[in-house]
Every structure is written in structure tokens, then in C-alpha cells.
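Below is one structure; the comments refer to it alone.
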């Protein structure tokens, strides 16, 4: 086995950080983008969700390509494309050009990110894998919060009068360093059994994701046209056709894009069931928060970013402790996380309801802290649950499946919760619209709590997480 060095882990996680940050960083720049490019609300939704949809579409394919042609090669190619399209996003001259470059940026992320989990699965085991998976979970969550806080600081700095553009342009030097480092320190791994392309699976997966997400993103802005309802109606039959086609391919002895055998693994099936409501609520929360604070209340990007700092503090502090909590408490850690997240959302909704237009960052501290703490208790252990049983030769497919659901759920959250908030805003005002949207998000947290009780009991929680205790002992 080619071992992954600590430097190699940092290089791998830089891809996760960049890809996740870029989904969320644009939220705090939306108001400035709208003013600078004269962008409509629907264009702004596409700037956010277009990236996520393209990302979700390419993830499983990116994992398959890494399995076949080498994960380091795909990582480097994806990072190079991401860096180039980040530069073009920063130079965009119209809403249409920005949306187009964001879509291409999302596809680039889909090339590099599946290589991260696949490489971790192929180059680590025991304690090192446990540490790596814990770091992966923490990186994704912190990137989401940093996207809000760091984005606010960058936009407020208005470097050389460039306003929102550096949120994309600053990716360029980071990407260049990551490419050079990857060529030096990343082990070159690939599947022992590279599979032939699954063209039918690829087409059906793309059609399913597009049929679901495009009408949800564009429907409200276009007055919910007939084509949108038709598209939504086709999503379920397309998904069923995908499962049938993939099952037939696997029974024939070939390797499908999404092997149904993976879905028969308890960790994958139950973990993805939790990931769907969790990431849907997460994506919706970030988008609605940005809309409420910047577009409706008129806060600056810096003020909105600073107000979310308690969430980052709670997430970071708890993420460093989950490795010691999971071996002792097992699935109860995820249950407690869902409950705390739901409580935090209720506190935030109550705060917004009481304060209305007089809302201040200080008033949001308790709710933000609770929400961030709950999110950390769910996210890091969840990744270990999903990937614990995935065999090494299917690492690319497994990581691609998880990441596809994650990104699809984030985009779904933007579409669903964003639509609820924006539809209700003119009729009810900011406080009531936010409260109703928050209650829908609380339902997602309740779903996490309920589904977490179906995970393995504490004695049978994935063993890959247990050696995290060794890290604490070494540090002591």
C-alpha cells in the first residue's frame, strides 16, 4: 500500500476546502454581485445552485475516471481546471458569464474531490484512516462556515476596488500551490479492476439530477411553468430506470457507475438516509441566512460574516472532540447532534421573530453556537459510517456516491428553502418568512434524529473510528 503522508493529507484536503468554500463563499457576495452585474434574483440563485448541480452531476463520473486513469492525475487535472475557471469567475462581465463559469467550476470540482476520499480509502488504514476521515469531515464543515466569514472579510476589504471578485481570484494562487505539491507528495493510486465506461448509467444519472434540481432552482423565478412540473414528475421514473439499468449491468458481471451492491451495505444505505436531510438543511440555512441578513436587512458582507463566527467556533471545537465521543457513545453522538442543531434553529427563529428589522449579530450568538455544535456532531461521524464498509476497489464509486448526494442535497436545500423564504417574504415580511423557513429546516434536523437511531448500536459502530483515541494518547 502506498502510504499517505501528513503533507499529502493537507494537499488532498485543500481540494475539499476550496470546493466547499466556493459553494458558500458566494452567498455573502450576492448583494455585491447583484449591484455590480445588475443580476436578477433568479440569476443569483443560479450562481449558487448552478455550481452545485454541475458538481453533483460529475462526482460519480469523476470517481470512476480516477479509479481507471489514476487518482493523482485526475486530482491535478481537476485542480488545474478549477483554478482556471475560478480566475474566469473573478473576471466575469455579466450574470450569464458568471453562471457559465460557475457551472464549469463545479464540473472541475467534480473531477478532483472524489479523488480525495478514494485516495484516503486506498492509502490509509486503522488509526491513520480514522484521523484522515475525521479531518475530512471537519474540513468540509469549516469550509462552509469560512466561506461566509472569510467571504465577508474579503468583500469588505474591497481590494483595489474589486469588490466581490477576489472571492474567486484568491483561489488561483492556492490552486497553483496545490498542483505543484500534489505532483510531489500524492501517491498515485487507481483501482485494481478499472471498469469500462457506463454510458447508460451516466446519461440516466445526469437526467435524474437535472430533472429534479433544474425546476426547483428556476421554477419560482419563471412562475412555476408546466415544464417544471413535468420535469419533477420525471425525476422518480428516471431514478427507477437508473437503478434497474445499474442492477442489470452488475448482474452481467460488469461494474456500473453506481453499483447497487453498495446500497446494500448498511453503512452506505443508512448513512445516506441521514445525509440527505442533513445536507439539505445545511445548504438551505446558509442561503437563507445570506438572503435575510444582506439582501433584506441590508447588512454588509463583513457584518453578516462576523455574525456567523459563533457557528464556526462551535463547529471547530466539537469537531476536535468527536473522535473521543464516538467510540464511547456511538450513534448517540449523531442523535445528539441532530437534536442540538434543531434546537439551535428554533433559537435562531425565535430571535429573528422577536427582533425583526432590529436584529443584531450579538442576538444571534446563542442560536449560532448551538447550530454549529450540532452540525459538527453529525458531520464527522457520518462520513465514517458511510464509508466504513466500502471495499478498496470500489473507493471511487463509494466516495462519488456520497459526494453526489451531498452536493445534490445542498443544491436542493438552496432551491427548496430559498423558494419558501423568497415566496413568503413579500406577503409576511422578513421575520415570519424566516420563521416558517426555519421550521421546515427543523424538520430536517428531526429527520436526522429519527434516522440516526437505525445506525449500528454503540458496540458495533464502525471500528475505523475507534483508533482516534490513539491520536489523543499520542498528543498527550
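Every number in this text was worked out from the coordinates using simple rules, so none of it is lab data. Predicted model, so just to flag it, every value in this text is computed and none were measured. FYI the Cβ positions are ideal-geometry reconstructions off the backbone, even for glycines, and counts take in every protein chain you see.
Values computed for the structure shown
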{"read-out": "Estimated inter-spin distance, residue 172 and residue 125, nm [label 7 Å along Cα→Cβ]", "value": "4.5"}
{"read-out": "Tilt relative to the chain, helix 226-251 - C-alpha long axis, 0 to 90 degrees, to 10", "value": "10"}
{"read-out": "Potential extension, residue 300-residue 158 segment - 0.36 nm per residue separation minus Cα distance", "value": "49.9 nm"}
{"read-out": "Rounded tilt (10° steps) of 309-319 against the dominant C-alpha axis of the chain", "value": "20"}
{"read-out": "Relative contact order computed over segment 199-256 (Cα-Cα under 8 Å; 6+ residues apart), in percent", "value": "41"}
{"read-out": "Rh (Kirkwood; distinct C-alpha pairs) - segment 306-387, Å", "value": "13.0"}
{"read-out": "Extended-chain gain in nm, criterion 0.36 nm per residue less alpha-carbon gap, residue 183 and residue 93", "value": "29.0 nm"}
{"read-out": "Listed peptides 198-207, 35-44, 283-292 by packing density, highest first (mean Cβ within 10 Å)", "value": "283-292, 198-207, 35-44"}
{"read-out": "Full-stretch length increase - residue 199, residue 254 - with 0.36 nm per residue and alpha-carbon distance subtracted", "value": "18.6 nm"}
{"read-out": "Label point distance in nm, residue 244-residue 320, each placed 7 Å from Cα along Cα→Cβ", "value": "5.4"}
{"read-out": "Whether segment 199-256 is rounded, prolate or oblate, judged on the alpha carbon gyration tensor where a/c under 1.5 counts as rounded", "value": "prolate"}
{"read-out": "For segment 122-189 and segment 51-82, distance of Cα centres in Å", "value": "16"}
{"read-out": "Surface/4 estimate of mean projected area, convex hull on alpha-carbon atoms of segment 180-279, nm²", "value": "10.0"}
{"read-out": "Using a Förster distance of 41 Å, the FRET efficiency for residue 230-residue 69 (Cβ separation, nearest 0.05)", "value": "0.65"}
{"read-out": "Cα gyration tensor shape for segment 70-228, rounded if a/c is under 1.5, else prolate or oblate", "value": "oblate"}
{"read-out": "Cα gyration tensor shape of segment 76-152, rounded if a/c is under 1.5, else prolate or oblate by comparing a/b with b/c", "value": "oblate"}
{"read-out": "Sequence of 229, 299 once ranked by neighbouring C-beta atoms within 10 Å, starting from the fewest", "value": "229, 299"}
{"read-out": "Per-pair calculated FRET efficiency, R0 = 25 Å: residue 350 and residue 313 via Cβ, rounded to 0.05", "value": "0.75"}
{"read-out": "Viscosity 1.567 mPa s, 4 °C: Kirkwood-radius Stokes-Einstein D of the chain over Cα pairs, µm²/s", "value": "58"}
{"read-out": "Cα coordinate range in segment 246-340, projected on the principal axes (Å, largest first)", "value": "58, 37, 19"}
{"read-out": "Helix 199-218 axis, angle to the chain major axis (alpha carbon atoms, nearest 10°)", "value": "20"}
